[in-house]
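For reference, the structure discussed in these notes is given below.
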Ligand SMILES: Cc1cc2nc3c(=O)[nH]c(=O)nc-3n(C[C@H](O)[C@H](O)[C@H](O)COP(=O)(O)OP(=O)(O)OC[C@H]3O[C@@H](n4cnc5c(N)ncnc54)[C@H](O)[C@@H]3O)c2cc1C
């Protein structure tokens with residue numbers, strides 16, 4: 001039996017009723033047609049009376065902490081009671097105007113306050129496109145000339161990136177930058193490098209993300225390490241496999257360029273493991289946040305900690321999962337004393353729909369995650385029945 005199959009530990013915080021609700025939800029999202037229908041209809045159906053509260057009590061309750069930071073604190077306290085920390089993730093996506101970007105920036109500044117000196121919230125996170133339009137990132141990344149209006153927008157993006165990192169530096173909080181689509185990622189990565197150079201002189205404050213489903217990321221990691229070593233600053237990476245595979249492949253095919261995505265899953269796994277190996281070899285300079293629901297990847301990091309004779313809670317090695325997914329991994333790691341944190345997404349129900357739809361799609365039978373979750377929930381319900 002895998003060490004991650006202890007369902008008693010995994011679902012300690014869930015009542016029988018909550019487990020039954022989670023079971024019903026995973027059975028529903030497991031059906032591809034239903035998830036596809038939901039993805040198509042929910043963005044407008046959410047405005048029909050009753051639909052919002054239905055969503056809020058089911059999918060939202062499972063995957064999100066609440067509509068506000070304050071509402072999410074209950075979840076954060078519960079997780080902390082099991083030695084699992086939280087990363088408040090303002091999950092409002094797809095907004096397209098300067099007022100919304102400024103609102104997102106203000107929200108991240110407030111999250112930095114919540115995280116300051118707070119062991120329950122060890123990281124702050126933001127998405128580049130929360131601070132500005134994907135079009136601007138794409139143009140800058142491609143080296144295109146910006147017109148006056150676009151230049152102003154880019155200056156605003158740079159200011160927002162810099163100010164959240166500066167405040168994190170001053171408050172001694174670690175801040176992570178999510179990775180998104182490859183065609184806008186170069187500009188975001190270059191900004192992240194600039195900020196690492198500026199704020200990571202004494203320790204790693206700014207952490208960027210590597211998507212190992214891209215075939216160029218292992219070389220990029222090595223390149224960034226060589227630069228940091230030469231110029232003497234710290235670097236840190238959230239290492240993930242990547243969430244936008246289909247859209248990346250489709251866009252490359254449509255536009256006739258080479259897909260940035262690995263040819264198969266085995267290649268992604270190979271590079272994921274190689275990145276972990278490389279970071280452990282250079283752990284004095286590189287911090288690791290392994291953002292994954294893959295049990296073998298988590299086991300690899302656990303084994304590396306042991307074979308390098310490190311403490312389980314060595315300060316610069318973290319594991320991370322998303323709220324509502326792979327509790328069997330998070331709670332096992334927490335119970336054994338490893339550093340583990342869950343993203344706790346929050347935001348108004350209607351605005352976190354793109355996030356929820358992505359989670360539902362990741363959990364269909366095609367993507368494969370739901371059967372894993374369902375099996376574990378079923379096992380725990382059976383165990384509780386026998387225990388009576
Ligand atoms: C804490 C946390 C933070 C995250 N932050 C980000 C982020 O900033 N940006 C982001 O993009 N994602 C992010 N993700 C999502 C992540 O990239 C994965 O989509 C998700 O975690 C599934 O991968 P896995 O390692 O958990 O598991 P697995 O189930 O082992 O792997 C599934 C992943 O493998 C890859 N894959 C599957 N099939 C193929 C194939 N045929 N060829 C090549 N590759 C394939 C895909 O990336 C797929 O998502 C985050 C995840 C977590 C847990």
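Conditions first: (1) within 12 Å of the ligand (Cβ to nearest atom); (2) part of a loop (DSSP other than H, G, I, E, B); (3) over 21 Å from residue 2 (Cβ atoms). Residue 267 passes all but one, so which condition is the exception?
(2)
State the number of residues belonging to the range 153-172 that are within 21 Å of residue 288 (Cβ to Cβ) and surrounded by 15 or more Cβ atoms within 10 Å (Cβ to Cβ).
Number of matching residues: 3.
Against the definition (more than 12 Å from the ligand (Cβ to nearest atom), surrounded by fewer than 19 Cβ atoms within 10 Å (Cβ to Cβ) and not in a loop (DSSP other than H, G, I, E, B)), how does residue 230 come out, yes or no?
yes
If residue 243 satisfies every condition in (1) within 16 Å of the ligand (Cβ to nearest atom); (2) in a loop (DSSP other than H, G, I, E, B); (3) out of contact with any strand residue (DSSP E or B) (no Cβ under 9 Å at 6 or more places or on another chain) but one, which is the exception?
(3)
Among the candidates 108, 175, 112, which residue alone is under 14 Å from residue 87 (Cβ atoms), more than 16 Å from the ligand (Cβ to nearest atom), crowded, with 18+ Cβ neighbours inside 10 Å and in contact (Cβ under 8 Å) with a residue 40 or more places away in the chain?
Unique residue meeting the criteria: 112.
Please pick out the residue among 210, 221, 296, 323 that is over 25 Å from residue 360 (Cα atoms) and either within 16 Å of the ligand (Cβ to nearest atom) or modelled with pLDDT under 95 (or both).
When all the criteria are applied, what remains is 221.
Residue check, residue 305 against (1) over 14 Å from residue 211 (Cβ atoms); (2) within 16 Å of the ligand (Cβ to nearest atom); (3) touching a strand residue (DSSP E or B) at 6+ places or on another chain (Cβ under 7 Å); (4) assigned to a helix (DSSP H, G or I), all met but one. Which one?
Going through (1) over 14 Å from residue 211 (Cβ atoms); (2) within 16 Å of the ligand (Cβ to nearest atom); (3) touching a strand residue (DSSP E or B) at 6+ places or on another chain (Cβ under 7 Å); (4) assigned to a helix (DSSP H, G or I) one by one, residue 305 breaks only (2).
Inspect the range 276-287 for any residue being at pLDDT 95 or above, within 13 Å of the ligand (Cβ to nearest atom), part of a helix (DSSP H, G or I) and surrounded by fewer than 22 Cβ atoms within 10 Å (Cβ to Cβ) and give the result as yes or no. It would help to see each step written out before you state the result.
Our first condition is that a residue be at pLDDT 95 or above; within the range 276-287, this holds for 276-287.
If we keep only those that are within 13 Å of the ligand (Cβ to nearest atom) too, we end up with 276.
Okay, now just the ones that are also part of a helix (DSSP H, G or I), so 276.
After this cut, where a residue has to be surrounded by fewer than 22 Cβ atoms within 10 Å (Cβ to Cβ) as well, the list is 276.
Taking every residue of the range 276-287 in turn, at least one turns out to be at pLDDT 95 or above, within 13 Å of the ligand (Cβ to nearest atom), part of a helix (DSSP H, G or I) and surrounded by fewer than 22 Cβ atoms within 10 Å (Cβ to Cβ).
Of the residues that make up the range 373-384, is at least one at pLDDT 90 or above and out of contact with any helix residue (DSSP H, G or I) (no Cβ under 8 Å at 6 or more places or on another chain)? Please lay out each step first, then the result.
Narrowing the range 373-384 to residues at pLDDT 90 or above: 376-384.
Those left that are additionally out of contact with any helix residue (DSSP H, G or I) (no Cβ under 8 Å at 6 or more places or on another chain): 382.
Within the range 373-384, one or more residues are at pLDDT 90 or above and out of contact with any helix residue (DSSP H, G or I) (no Cβ under 8 Å at 6 or more places or on another chain).
So, in the range 247-258, how many residues would count as being near the ligand (Cβ under 10 Å from one of its atoms) and either assigned to a strand (DSSP E or B) or in contact with a helix residue (DSSP H, G or I) (Cβ under 9 Å, 6 or more places away or on another chain) (or both)?
Going residue by residue through the range 247-258, those that are near the ligand (Cβ under 10 Å from one of its atoms) are 248-249.
With the extra rule that they be either assigned to a strand (DSSP E or B) or in contact with a helix residue (DSSP H, G or I) (Cβ under 9 Å, 6 or more places away or on another chain) (or both), the set shrinks to 248.
The number of residues fulfilling the criteria is 1.
Using the structure shown, decide if residue 163 is in a helix (DSSP H, G or I) and away from the ligand (no atom under 16 Å from the Cβ).
On the way: in a helix (DSSP H, G or I): yes; away from the ligand (no atom under 16 Å from the Cβ): yes.
In short, yes.
Within the set of pairs 6+ apart or on separate chains, which have a first residue in the range 211-225 that is farther than 15 Å from residue 192 by Cα, a second that is away from the ligand (no atom under 16 Å from the Cβ), and C-beta atoms under 7 Å apart?
Close Cβ pairs satisfying both conditions: 222/278.
If we scan the range 81-93, do we find a residue that is within 16 Å of the ligand (Cβ to nearest atom) and part of a helix (DSSP H, G or I)?
No: the range 81-93 contains no residue that is within 16 Å of the ligand (Cβ to nearest atom) and part of a helix (DSSP H, G or I).
Does the range 138-152 include one or more residues that are buried (at least 16 other Cβ atoms within 10 Å of the Cβ), touching a helix residue (DSSP H, G or I) at 6+ places or on another chain (Cβ under 7 Å) and under 28 Å from residue 202 (Cβ atoms)?
For the range 138-152, residues buried (at least 16 other Cβ atoms within 10 Å of the Cβ), touching a helix residue (DSSP H, G or I) at 6+ places or on another chain (Cβ under 7 Å) and under 28 Å from residue 202 (Cβ atoms): absent.
The values are calculated or read from the model by the stated rules, or taken from the named source; none is laboratory data. Just so it is clear, the structure is predicted and the values come from calculations on it, not from any experiment. Positions of Cβ are generated from backbone atoms using ideal geometry, with glycine treated the same way; all protein chains shown enter the neighbour counts.
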